[in-house]
Every structure is written in C-alpha cells, then in structure tokens.
C-alpha cells in the first residue's frame with residue numbers, strides 16, 4: 001500500500017474547517033516514513049510507521065504559534081482517504097479525515 005502524497009484535512013471533530021484552514025489549508029504530506037502536518041497554527045514533522053491491517057501510527061513534533069508541541073496519532077488509509085486521530089502531549093486530541101489532493 002503506497003500512501004505517499006498530499007492530503008487535505010477536510011474534517012476534525014474539535015475544530016471547524018474555517019479554523020483548520022486559518023493560516024493556510026490544513027494538510028498532511030507523506031513521503032515514505034516521513035511526513036508533515038499543518039492545521040490552524042500547528043506545523044509538525046511526522047515519523048510514520050506502517051502497521052498491520054493498514055493501520056499507520058505516527059509521532060510528531062513541531063510548533064503551535066511558536067510554542068513547541070508534540071504528540072502521536074494513528075490513521076488508516078482507504079483509497080484516497082486517511083481517517084484517524086491526532087493527540088497532543090498534555091493537551092487536546094481530535095479525529096480527522098484527510099483526502100488526497102489531485103495530482104499527488
């Protein structure tokens with residue numbers, strides 16, 4: 001299963017789409033075991049591990065309005081859609097749905 005590509009975050013249970021896209025459209029980019037994520041004012045680098053039954057787990061670290069943040073999460077890939085959950089260490093968590101963008 002090749003999940004490499006760019007995905008637009010289209011839904012999160014904790015934030016509206018307008019909030020997700022506050023600075024720029026929310027996204028997840030995957031290239032092998034590495035990735036990037038962005039939503040609201042959060043930017044992070046991901047370390048992704050592909051597991052059994054199509055489940056991928058990841059850790060991430062980055063910044064939220066200049067403050068260091070980190071966490072973990074998981075997702076499954078169903079065609080061009082990622083469905084999962086992202087967790088902030090000592091903070092919020094939210095489900096997410098991300099769809100592969102055209103051309104990726």
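Considering 32, 103, 54, 91, the condition of being surrounded by fewer than 14 Cβ atoms within 10 Å (Cβ to Cβ) and under 15 Å from residue 8 (Cβ atoms) is satisfied by 103 alone.
Within the range 57-69, the set of residues being under 16 Å from residue 95 (Cα atoms) and surrounded by fewer than 21 Cβ atoms within 10 Å (Cβ to Cβ) comprises 57, 59. Contact map, the range 70-85: first residue exposed (fewer than 14 other Cβ atoms within 10 Å of the Cβ), second residue in a strand (DSSP E or B), Cβ cut-off under 9 Å, separation 6 or more or different chains; pairs are 79/100.
Of the residues making up the range 5-32, those that are within 16 Å of residue 77 (Cα to Cα) and either without any contact (Cβ under 8 Å) to a residue 40 or more places away in the chain or part of a helix (DSSP H, G or I) (or both) are 29, 30, 31, 32. Pick from the range 8-24 the residues that are within 13 Å of the chain's Cα centre (by Cα) and within 17 Å of residue 62 (Cβ to Cβ): which of them is surrounded by the fewest Cβ atoms within 10 Å (Cβ to Cβ)? My answer is 12. Of the strands (runs of 3 or more DSSP E) lying entirely inside the range 33-104, the ones with 1 or more residues being touching a helix residue (DSSP H, G or I) at 6+ places or on another chain (Cβ under 8 Å) and under 16 Å from residue 5 (Cβ atoms) are found at 67-78.
No value in this document is a laboratory result; all are computed from the given coordinates. Here the structure is a predicted model, which means the values were calculated and not measured. For neighbour counting, all protein chains shown are included, and Cβ atoms are generated from backbone atoms with ideal geometry for every residue, glycine included.
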